[in-house]
Amino acid sequence: MPFITECAVESCSYNVGAACHALAITVGDPPHAQCDTFFVTAFKGGDPAAAGQVGACKMTDCRHNSRLECQAAGIAVGPGRQGADCLTYSPR
């Protein structure tokens, strides 16, 4: 699973110091490459010792997607239309 190399969405409960600590995220709810794991709450969650990874990707038109699995070396997540977007998303 590719690592989330950067998360610039400070409001996400899994973001601590620009790093994602969700064990695995899901990307996409076509037609938009959003981080479906994005969540806002009053406390921080995830595993503080773990670096987030991409568990699944529903963006079948992305050049990094193979059988709903991300094949990118790593991804960046940043502010999007409705929370957080996969900035590595690249349509074929």
Query raised in the report: Taking the chain, which GluC sites (Glu not before Pro) meet the DSSP loop condition and have no more than 15 other C-beta atoms within 10 Å?
Result: E10
Query raised in the report: If you project the alpha carbons of the chain onto their three principal axes, what span does each projection cover, largest first, in Å?
Result: 37, 26, 15
Query raised in the report: Roughly how many percent of the accessible protein surface of region 50-92 is carbon and sulfur, given a 1.4 Å probe and a whole-percent answer?
Result: 49
Query raised in the report: How long is the gain from E6 to A73 if the chain were fully straight, where each residue apart is worth 0.36 nm and the alpha carbon distance is subtracted?
Result: 22.9 nm
Query raised in the report: At a Förster distance of 25 Å, what's the computed FRET efficiency of F39 paired with T60, Cβ-Cβ distance as r, to 0.05?
Result: 0.55
Report summary line: Answer in debye to the nearest 20: the dipole magnitude of region 21-92 about its Cα centre, from +1 Lys/Arg and -1 Asp/Glu charges placed on Cβ, is 120
Report summary line: Whole-Hz Karplus couplings 3J(HN,Hα) for region 20-29, θ = phi - 60° and coefficients 6.51, -1.76, 1.60, Gly and Pro as x, run 7, 10, 6, 4, 7, 10, 10, 10, x, 8
Query - Choice from C35, C62, C70 with maximal GNM fluctuation in the chain (Cα, 10 Å cutoff) - result: C62
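The values are calculated or read from the model by the stated rules, or taken from the named source; none is laboratory data. Treat the numbers as computed from the prediction; the structure is a model and nothing was measured. Here Cβ is always computed from backbone atoms with ideal geometry, including for glycine, and neighbour counts include all displayed protein chains. The area values use the complete protein model at the heavy-atom level, side chains included, leaving out ligands, DNA and RNA. Shrake-Rupley method; radii C 1.70, N 1.55, O 1.52, S 1.80 Å.
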